[in-house]
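The values are calculated or read from the model by the stated rules, or taken from the named source; none is laboratory data. Note that the structure is predicted; figures quoted are calculated from it, not measured. Cβ placement follows ideal geometry from the backbone for every residue including glycine, while neighbour counts extend to all protein chains displayed.
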Amino acid sequence: MIFDDIVRLLEQELKDYILGLQKMRTRRYIIDIKRPGAIKAAKLLAEKDVRLITISCVDNGLDFELLYHFDADGTIVSIRTFVPKDINEIESLASVLPGANWIEREIHDLFGLKFNGHPDFRRIILPYEWPEGNYPLRKPMEGIVPKQHRKVVSDLIATGQPIPFTSMAIKRRARVDLPPELPVASLREDYLKEVQELIKKTGFDKKVGFDWEKGGLKYR
């Protein structure tokens, strides 16, 4: 099965899951797919006898970057997806591709990522006496925002106002007949909504690791 056939197959079956395609170099491609569709894509390729080479994992701090590498007649096609650490699980490929069994065990050993439906999670790299919950290649759950700036970034996204007014500032503004606070987004719901929509559209919230349900960064 050649690369063009793979793209047509995925677009036909998983169009809503596909995020993009990158040509890294000659005969080397990466197809970005949403997490729920990544295993479906891998299974589709397996059904077409496209050979799985290996699975690689990278810890990005807030999420795991998983790449399923396939050989399509000499062209390397990688299905890439991201698993947030606060979810920390994805479906196993072992039931469809037995070769994935050992690779998923390695990733679980080193990163602690869980593959749901895996038949056997016994250690494969680490010794059996290795402390449970200690994963050698797993990083702390932190994003790109330095510790000293996290509150400012979190408040900016949540309220549109990174630095609250002090009582002294309010008094001084009153002396010169200015309103107590500036007309910032935190005081106007419609302004705040517009700011937050822009943040979502640009992906800034994902880049810094903002949790909309909790109203703050996923890390402190």
A careful count of residues in the stretch 186-220 that are touching a Gly at 6+ places or on another chain (Cβ under 7 Å) and over 21 Å from Met141 (Cβ atoms) gives 4
If a residue has to be part of a helix (DSSP H, G or I) and modelled with pLDDT under 85 to count, how many in the stretch 157-174 make the cut? 9
Please verify whether the stretch 114-121 includes one or more residues that are aromatic (Phe, Trp, Tyr), under 23 Å from the mean Cα position of the chain (by Cα) and surrounded by 13 or more Cβ atoms within 10 Å (Cβ to Cβ). yes
Name the one entry in Lys15, Lys23, Lys34, Lys40 that is without any contact (Cβ under 8 Å) to a residue 40 or more places away in the chain and surrounded by 13 or more Cβ atoms within 10 Å (Cβ to Cβ). Lys40
Can you tell which of Leu93, Leu110 is in contact with a Leu (Cβ under 8 Å, 6 or more places away or on another chain), in contact (Cβ under 8 Å) with a residue 40 or more places away in the chain and surrounded by fewer than 19 Cβ atoms within 10 Å (Cβ to Cβ)? Leu110
Check Pro127, Pro131, Pro140, Pro136 and return the single one that is more than 23 Å from Val195 (Cα to Cα), of a type outside the set (Lys, Arg) and surrounded by 11 or more Cβ atoms within 10 Å (Cβ to Cβ). Pro136
